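The values are calculated or read from the model by the stated rules, or taken from the named source; none is laboratory data. These numbers were taken from a predicted model, which means no experiment stands behind them. Please note: Cβ atoms are built from the backbone with ideal geometry, for glycine as well, and neighbour counts cover all protein chains shown. With ligands, DNA and RNA removed, areas are computed over all heavy atoms of the protein, side chains included. Shrake-Rupley method; radii C 1.70, N 1.55, O 1.52, S 1.80 Å.
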Amino acid sequence: MFGFLMSKEQKMIKEEVGKLVKDIVIEDAHDMDENGEIPIEAIQKAWSLGASVSKVPEEYGGYGMTDSPVETAIILEELAYGDMSFAIAATLPALFIFPLEEMGTEDQKKKYLPLYCKETYTPCTLAINEPHFGFDPVEPKTLAVKKNGSIILNGQKCFVPAAEKASHIMVAASLDGKNELFIVDRNNPGLTVSEREKNIGLYPLETYEITLSDCEIPAEDRLGEGRGCDYDKVLQKTRIAMSAIGTGVSRASYEFAREYAKDRVQFGEPIAHRQTIAFMIAEMAYEVECMRLMTWKAASKLETGHDAKREAYLAKIYAGEMTMKVTDYGVQILGGHGYVREYPVERYYRNGRSISVLEGMAIV
Amino acid sequence: MIGLELPKSALQLKSMLNNVAINLFRPIARKYDEAEHEYPKELDVMRGAMGGLGGRRPPEDSAGKGKDKPESESLGTNMMTIIGTEEMGYGDTGLMLSIPGRGLGNAAIAAVATEEQKQKFGDKWAAMAITEPESGSDSGSITTTAVLDGDEWVLNGEKIFVTCADRCEVVVIWATVDPSAGKAGIKSFIVEKGTPGFKLEKLEYKLGIRASDTGTFVLKDCRIPKENLLGSAEVKKRSTEGFKGVMKTFDNTRPMVAAMSNGVARAALELTREKMEEGGCKLDYHRNINNIGSMEKEYYMLEANLEAMRLLTYKAAWMADNKEFNSLEASMAKAKAGRCGTLITQKCCELLGPLGISQKYLAEKWMRDSKILDIFEGTGQIQHLIIARNVLKLSSKELR
Ligand SMILES: Cc1cc2nc3c(=O)[nH]c(=O)nc-3n(C[C@H](O)[C@H](O)[C@H](O)COP(=O)(O)OP(=O)(O)OC[C@H]3O[C@@H](n4cnc5c(N)ncnc54)[C@H](O)[C@@H]3O)c2cc1C
């Protein structure tokens with residue numbers, strides 16, 4: 001049915017997540033950023049809401065609810081409104097669980113889902129990005145080759161969240177020219193996790209470069225085994241998630257700048273009374289709305305069982321560009337105060353940079 | 001429920017009006033771009049044929065009587081209108097504005113007229129005249145006067161940039177009955193063509209939408225019946241109700257202007273895509289946007305913008321159908337669609353290269369046409385003002 005109205009459940013979950021974010025994220029986001037760390041209790045609280053396991057069948061530890069990309073998009077926006085690193089970290093296992101649940105074989109689900117669909121947050125992760133110029137998620141340079149009933153992986157990945165702590169990493173690689181996903185045990189001798197990365201933003205999020213050198217995995221750990229998986233679908237879902245996160249980060253910057261502009265007095269009047277400032281705020285307001293609607297459009301298309309390749313792609317590139325614009329305006333509206341770390345807008349700007357660059361950091 | 005796929009009924013209307021766009025509008029688009037001021041007689045077949053679909057006819061009033069509330073799988077009048085308007089804008093904006101009986105004045109009459117007035121003027125092609133030489137964006141500052149003399153109003157003043165000035169049968173004229181009362185004194189009046197003292201002074205030559213005529217009226221001791229005051233005759237001294245009432249029709253018509261912009265932008269993008277694909281560019285929404293050619297990248301960003309403006313437009317219309325106050329969303333849709341439609345059509349001409357500036361193709365025309373959509377019914381700047389006041393909760397005194 002056509003409409004822009006959230007369902008009762010969607011409103012409820014939005015409120016619930018919004019409250020959590022207000023209580024445990026917004027106030028602490030600055031400290032998390034400075035310390036480069038998210039308290040595990042905070043993550044556990046978000047995990048306890050159960051969003052990442054809700055659609056996993058009960059026998060594997062989930063709630064067996066119907067899949068709702070729209071609902072996940074709403075949740076991601078709320079979380080990212082609080083803090084982008086938090087949004088990625090708190091939903092990280094979903095990057096492993098969702099593809100497994102949707103495309104894994106019975107045996108794979110039985111083996112892996114119960115490990116991660118638990119009361120306590122247990123990190124597992126997805127590796128898509130690669131540390132080379134011209135990186136393209138649809139043309140991974142990481143290669144998978146079949147050999148004596150096993151699969152040998154070779155390549156490098158970067159920006160892999162929680163790679164150090166995760167006990168399994170889902171790795172994107174090309175097998176016979178087709179992009180697929182492979183489950184790699186953290187203790188595989190062919191896998192090396194380098195030192196924690198330092199990036200322009202997302203300070204609290206632990207990310208790592210990993211190297212796969214002749215990394216041998218059993219053929220059963222190819223997602224979907226013999227039939228393989230629908231990598232493009234996974235990409236669609238992660239693109240929608242990135243645009244949901246971009247919406248959240250942008251909204252945070254917009255709302256902060258809007259309130260600031262009403263308080264800050266220069267030349268005897270609040271700066272919001274000047275059109276130059278007010279019009280930037282107007283633009284921020286409708287661009288946030290645009291990002292959200294494009295995210296919803298793509299997500300609702302998936303939700304009704306349609307392919308959302310085009311919509312997901314457009315939502316992601318739009319959010320990538322507009323998040324930069326909105327968060328840039330956010331800093332500008334605060335002037336010099338926007339440039340210092342006392343205020344959150346410079347953080348939104350730094351974090352927002354990764355929306356258009358990164359793929360596969362969250363999923364709907 | 002969040003669901004942004006159009007239902008079947010909407011797709012049927014869309015395809016019906018797409019047919020009109022392709023088979024009626026497109027073949028004569030260039031002809032009336034050149035024959036400026038000539039009435040496109042081919043549009044006669046559309047007179048009265050449109051029913052409530054896709055025409056420039058907003059629903060009763062935005063406070064709503066509830067009868068247009070959408071049910072399950074069907075959409076409300078505003079959404080259907082938006083969908084139809086996009087198709088016709090896709091066909092040709094100038095021609096769409098020239099559909100007989102679908103003037104902006106008709107929207108005002110439908111919104112606020114009394115039963116008798118609807119009986120008398122409902123079927124007449126009605127233009128709307130607000131703008132004056134000294135009063136454009138600041139429409140509250142108009143100086144055309146209306147003075148009651150016995151059973152007649154006597155009107156004096158000058159109105160410019162009136163769409164359908166030559167072709168319409170009646171004009172809804174905005175005038176003040178009490179210049180000292182400011183906006184509270186502003187009322188609208190229905191003036192019939194041929195009334196003594198009511199003269200069409202000139203027609204403009206324009207950048208685009210040349211199929212649509214734009215003219216100046218001079219009112220000199222123009223006498224009209226007392227009953228021609230649109231809506232309630234009561235002149236409340238300190239109330240801006242009348243002014244606001246007509247302003248309110250903009251909450252319905254602004255998304256329509258946005259929808260026209262979506263249509264023109266889509267037309268330009270479609271031609272651009274066709275030529276790009278002929279030239280060997282593959283557009284499959286797949287590869288990293290930074291690893292592809294600049295032309296493809298540019299195209300994708302433009303298409304993403306079109307998607308964004310269309311969704312804002314849908315939202316504004318959907319809210320009106322659901323009797324939600326949509327002033328903010330209507331202005332957002334018009335601000336975004338007006339600006340981006342202009343940019344998209346400009347950029348398409350660039351991507352098309354020599355084909356983009358040649359009159360052999362319509363792209364150069366679409367670039368000229370779409371520019372008006374960021375100007376009339378409130379310029380882009382005025383939309384930003386409305387949005388900013390709304391989200392910042394500032395009055396028009398605080399944010400001027
Ligand atoms: C083809 C065409 C058809 C039209 N049809 C009709 C019609 O049918 N009926 C009718 O009544 N009118 C009609 N108009 C008039 C149209 O609505 C006005 O031209 C428009 O509202 C702008 O007014 P203006 O031209 O006087 O510009 P101005 O108001 O003089 O504006 C000039 C510039 O200043 C900006 N500006 C003005 N005020 C502010 C402010 N407060 N803050 C920031 N910027 C500001 C504007 O955005 C614009 O960029 C038509 C115009 C055209 C060109």
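What the table shows:
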item: Student exercise, chain A dipole from Lys, Arg, Asp, Glu Cβ charges, in Debye to nearest 20; result: 620
item: Modelled FRET efficiency - R0 22 Å, B:Glu152 with B:Lys118, Cβ distances, 0.05 increments; result: 0.55
item: Cα long-axis angle, helix B:294-321 against chain B (0 to 90 degrees, to the nearest 10); result: 40
item: Partner chain coverage, peptide B:378-391 - average Cβ within 10 angstrom; result: 4
item: Overall form of the stretch A:76-224 per C-alpha gyration tensor (a/c, 1.5; a/b vs b/c); result: oblate
item: Net charge of Cβ neighbours under 13 Å - reference A:Ala87; Lys, Arg +1; Asp, Glu -1; result: -2
item: Shielding by other protein chains, A:299-310, mean Cβ within 10 Å; result: 2
item: Shielding of B:288-295 by partner chains, average beta-carbon count, 10 Å; result: 4
item: Angle in degrees between helix B:77-91 and the longest Cα principal axis of chain B, rounded to the nearest 10; result: 60
item: Per the protein assembly as shown, cysteines lacking a partner by the 4.7 Å Cβ criterion; result: A:Cys117, A:Cys124, A:Cys158, A:Cys215, A:Cys229, A:Cys290, B:Cys222, B:Cys281, B:Cys340, B:Cys348, B:Cys349
item: Gyration tensor verdict on chain A (Cα atoms; rounded if a/c is under 1.5, prolate if a/b is larger than b/c, oblate otherwise); result: prolate
item: Fraction of antiparallel bridges per DSSP, the protein assembly as shown only, in percent to nearest 5; result: 85
item: Cβ crowding within 10 Å averaged over residues, with B:377-388, B:95-106, B:179-190 ranked highest first; result: B:95-106, B:377-388, B:179-190
item: Sites B:Arg223 and A:Asp67, calculated FRET efficiency, Cβ-Cβ separation with R0 60 Å, nearest 0.05; result: 0.30
item: Cα gyration tensor category, rounded, prolate or oblate, for the stretch A:1-113 with a/c compared to 1.5; result: oblate
item: The stretch B:137-177 and the stretch A:328-364: distance between their alpha carbon centers, rounded to Å; result: 51
item: Calculated [θ] (222 nm, deg cm²/dmol) that DSSP helices of n ≥ 4 give over chain A, each run adding -39,500 (n - 2.57); result: -16000 deg cm²/dmol
item: Accessible area buried at the A-B interface, both sides summed, 1.4 Å probe (Å², nearest 100); result: 4800
item: Ordering of B:171-177, B:297-303, A:156-162 by packing [mean C-beta count within 10 Å, highest first]; result: B:171-177, A:156-162, B:297-303
item: Accessible-area order (highest first, 1.4 angstrom probe) of the listed residues B:His286, A:His30; result: A:His30, B:His286
item: Accessible surface ranking that places the most exposed of A:Val145, B:Val170 first, with a 1.4 angstrom probe; result: A:Val145, B:Val170
item: Cut-off under 5 Å, modelled amide H: who pairs with A:Lys118 long-range; result: none
item: Sites B:Phe325 and A:Lys11 - FRET efficiency at Förster radius 22 Å, r taken between beta-carbons, to 0.05; result: 0.70
item: Per residue accessible area in Å² of the stretch A:8-116, where ligands, DNA and RNA are left out and the probe is 1.4 Å; result: 42
item: Rounded percent of accessible protein surface that carbon and sulfur make up, the protein assembly as shown, 1.4 Å probe; result: 52
item: Complex-versus-alone comparison for the stretch B:313-348, residues with a loss of 30 Å² or more in accessible area, probe 1.4 Å; result: B:Lys315, B:Trp318, B:Met332, B:Lys336
item: Spin-label model distance (nm) - A:Val138 vs A:Arg227, 7 Å beyond Cα toward Cβ; result: 2.4
item: Volume per residue of the C-alpha convex hull in the protein assembly as shown, rounded to whole Å³; result: 161
item: ³J(HN,Hα), Karplus 6.51/-1.76/1.60, whole Hz, each residue of the stretch B:23-40, x for Gly, Pro; result: 8, 9, 7, 4, x, 10, 4, 5, 3, 8, 6, 8, 8, 4, 6, 8, 5, x
item: A:Glu106 versus A:Ser213: modelled label distance in nm, points set 7 Å from Cα along the beta carbon direction; result: 4.1
item: Simple spin-label estimate for A:Val145 and A:Asn187 in nanometres, 7 Å along Cα-Cβ; result: 2.8
